[in-house]
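The values are calculated or read from the model by the stated rules, or taken from the named source; none is laboratory data. The model shown is predicted, which means the values in this text are computed figures rather than measured ones. Cβ placement follows ideal geometry from the backbone for every residue including glycine, while neighbour counts extend to all protein chains displayed.
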């Protein structure tokens, strides 16, 4: 949770509306903090509206925004695990081909409000305790059909075989990160795919919301 707070605090004055959106999504509606978020969000929108209508000066606009940023920062720092809903219970296992890919994916994860364990391995790593597996295949290239496997290096072929292992064994949802891979065609019910970092984050967020809704529906 400390990482979650740090990332939000860094964005308070940079993308305030996005911070409000994240908090609105993650905080339980029964929590006192949720009401405080709604009040601050309303105040922020009202200040922006008054400035657009020239009802307040730019100096007043900045002064009011600064007060809201300060209050929002205090609220974020005061959050406890009990304030957050099930969508925060979303641990991710990121499986990479080698150490270089692991560093690349770790840097990507560290820049986002995600809890993940990033590993490089050529053997099956049981995903118990994780809600989602992100299989990093961004250095495999496009694999449109089985014949393309002949062009893969030995370690890339091993990583492809590991993907097959996860698709067959892992009782988890999987997001594949990389170019087109024909292997996913037979596992569309449990897989999502992304071919760049922007769409990867979108796919992860979609899966987070979907899994959370499944949990709620099953309660």
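Determine which member of the set 33, 71, 54 is loosely packed, with under 12 Cβ neighbours inside 10 Å and either outside the structural domain of residue 126 (by the TED database) or modelled with pLDDT of 95 or more (or both).
Step by step, each of 33, 71, 54 is checked, and only 54 is loosely packed, with under 12 Cβ neighbours inside 10 Å and either outside the structural domain of residue 126 (by the TED database) or modelled with pLDDT of 95 or more (or both).
In a loop (DSSP other than H, G, I, E, B) and modelled with pLDDT of 90 or more: does that describe residue 140?
yes
Conditions tested, residue by residue: (1) outside the structural domain of residue 142 (by the TED database); (2) in contact with a strand residue (DSSP E or B) (Cβ under 6 Å, 6 or more places away or on another chain); (3) modelled with pLDDT under 90.
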position	(1), (2), (3)
173	no, yes, yes
178	no, no, no
194	no, yes, no
199	no, no, no
209	no, no, yes
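Residues to consider are 85, 91; find the one that is surrounded by 12 or more Cβ atoms within 10 Å (Cβ to Cβ), touching a strand residue (DSSP E or B) at 6+ places or on another chain (Cβ under 9 Å) and more than 19 Å from residue 169 (Cα to Cα).
On inspection, the qualifying residue turns out to be 85.
Which condition number in (1) in a loop (DSSP other than H, G, I, E, B); (2) at pLDDT 90 or above is the one that residue 189 fails?
(2)
On the basis of being closer than 17 Å to residue 195 by Cβ, assigned to a helix (DSSP H, G or I) and in the same structural domain as residue 201 (by the TED database), does residue 167 make the cut?
no
Inspect all residues belonging to the stretch 29-41 and state whether any of them is free of Cβ contacts under 8 Å to residues at least 60 places away in the same chain and under 17 Å from the mean Cα position of the chain (by Cα).
No, the conditions are met nowhere in the stretch 29-41.
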